[in-house]
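Down below is the structure, laid out as structure tokens.
The values are calculated or read from the model by the stated rules, or taken from the named source; none is laboratory data. Quick caveat, the model's predicted, so the values are computed rather than measured. Every residue, glycine among them, receives a Cβ derived from its backbone with ideal geometry; neighbour counts consider all protein chains shown.
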Amino acid sequence: MSVNEYVKYMTQQFTKFIDRSPDEKRSQKPDYTAQPVCTNRWLGLLPFAWKLFLNKAD
């Protein structure tokens, strides 16, 4: 792919992104309302760190 084709492609993608309606933008927004994992919610970062330590030790 030449540089000109790449620039053309990126320009097309950018204009598609900008021209979306507000409803489309809202529907594609990630949902951050999901509950975190129970162990992280109850005990914080310690279970996660312990899991990483054990996986690294294997």
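Considering only segment 19-39, state which residues are in a helix (DSSP H, G or I) and either at pLDDT below 80 or under 30 Å from Lys51 (Cβ atoms) (or both).
First pass over segment 19-39, keeping only residues in a helix (DSSP H, G or I): 22-27, 38-39.
Matches in segment 19-39: Cys38, Thr39.
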Sole residue being surrounded by 10 or more Cβ atoms within 10 Å (Cβ to Cβ), modelled with pLDDT of 90 or more and more than 17 Å from the chain's Cα centre (by Cα), chosen from Lys16, Lys8: Lys8
